[in-house]
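Asker: The structure follows.
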Amino acid sequence: MPGPAPKATENSPLDFALRAIGDSWSFLILQEAFFGVRRFGDFQRNLNIAKNTLTDRLSLLAEFDLLERKRLPDRSDVHEYRLTTRGLDTYPYALSLMKWGDDWLAGKDGPPVILFHKTCGRVLRPQAICSACKREVSAEDVQIDLGSIAESVRENSVQVRVSSRPELYTAGRPTSVSRALSVIGDRWGFFVLWLALAGVTKFEHFHSILGIARTTLTSRLNHLVERGLLDRIEYQARPPRHDYHLTESGKAICPVLLALHDWGLRGLPRRAKETSVLHRSCGKPLHLEVVCLSCGKPPLPKEVEVKQVRVVPARRSASLAAATQMRSKSKGVRRAKV
């Protein structure tokens, strides 16, 4: 069941944002809405998502005022889901996720989706810049004050929703967004990367801030190391101790984290908008602006044309899905016996 909507009294913009759009299924539904999808059946087919999961996330997004549920004038039994103003405001985050996935996960086949900016008539290549000095933002140029994030994270840890099979996120429409979310993982993956961006390197420091079970933290660190976002460097042999540092692909995810942070910041009351992120280049509070590299203008969803390079895979039959799940379980049993 979805948890309560984020409270506007929270002090951590990142926590505020992650409780609304940090769940991978929730944001993939928003992505489909950006592509023009409005009906339940189309969401389900394009994402290859279970009906109960889709129902849960649509309710959650409506509760968080990201989607609005409307009945069709001529069909009272049919509903459409349309992006609200707050939902549309997540577009810079979507563009940042897609760019990172295009740059680091596309492989030899190239990006599965290409965006065209109708304003300038060129392929849209998003660029993250500081809204104050207009310079491109890099991980090395960001200064983060973690402030009260620990209290906020601990208070809301029960709202984490995790899929035991993250490969399901990429079973529907091929996009770099679904791939990127699968690599980052769950809400804790975002937090670990944010802390690493702020300069946290040691396990105990991550643990003292997040307050999660040590096994959970170990699992998330291992996942990010395996996916190439973090480097694990041993600094003590007995007992073994390690530092964790962002790799080049980990540093490149900086605009994704900042876009998410900015969206959360805009949802907080004015009194809570503390200066938690600074841009070292200009010394001013860093607010991200995602612009088209060709014309320098911030693209709006209605100004962007989507070209699906690879087709949406057909939804698997129930028998095939069940067979696949059984094979997966049997493999897991064999691994456990080794």
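The values are calculated or read from the model by the stated rules, or taken from the named source; none is laboratory data. In this text, all values refer to a predicted model and were calculated from it rather than measured experimentally. Side chains are part of the model used for accessible areas, which takes the heavy atoms of the whole protein and leaves out ligands, DNA and RNA. Shrake-Rupley method; radii C 1.70, N 1.55, O 1.52, S 1.80 Å.
Asker: Using the heavy atoms of the protein chains alone and a 1.4 angstrom probe, what is the accessible area of the stretch 35-139 per residue in square angstrom? Walk me through the intermediate numbers first.
Answerer: On the way: 5420 Å² over 105 residues.
For the stretch 35-139, the per-residue accessible area is 52 Å².
Asker: Take the alpha-carbon centre of the stretch 93-117, take the same for the stretch 225-288, and report the distance between them in whole Å.
Answerer: 21
Asker: Within the stretch 67-142, what whole-number % of the accessible surface is contributed by carbon and sulfur, with the 1.4 Å probe and all protein chains included in the calculation? Mind dumping the intermediate values first?
Answerer: On the way: 1920 of 4160 Å².
That fraction is 46 percent.
Asker: Using a 1.4 Å probe over the heavy atoms of the protein chains, calculate the carbon and sulfur portion of the accessible area of the stretch 233-312 as a whole percent.
Answerer: Details: 2220 of 4410 Å².
Accessible surface attributable to carbon and sulfur in the stretch 233-312 totals 50 percent.
Asker: Each residue of the stretch 116-127 in turn: what ³J(HN,Hα) in whole Hz from Karplus with 6.51, -1.76, 1.60 and θ = phi - 60°, glycine and Pro shown as x?
Answerer: Couplings: 10, 8, 5, 5, 10, x, 10, 4, 7, 10, x, 9 Hz.
Asker: Another question, if that's okay. Which of the pairs Lys70/Lys99; Lys99/Lys134; Lys70/Lys251 have their Cα atoms more than 30 Å apart in this structure? Spell out each step's value before the answer.
Answerer: Details: Lys70/Lys99 32 Å; Lys99/Lys134 19 Å; Lys70/Lys251 41 Å.
The pairs that break the limit, which is 30 Å between Cα atoms, are Lys70/Lys99; Lys70/Lys251.
Asker: Which whole-Hz ³J(HN,Hα) couplings does the stretch 66-75 yield from phi under the Karplus relation 6.51 cos²θ - 1.76 cosθ + 1.60, θ = phi - 60°, glycine and proline marked x?
Answerer: With coefficients 6.51, -1.76 and 1.60, one gets 9, 10, 10, 8, 10, 8, 6, x, 9, 9 Hz.
Asker: Averaged per residue, what accessible area in Å² does the stretch 214-267 show with a 1.4 Å probe, protein chains only? Intermediate results must be reported in sequence, preceding the final value.
Answerer: Details: 2600 Å² over 54 residues.
About 48 Å² of surface per residue is accessible.
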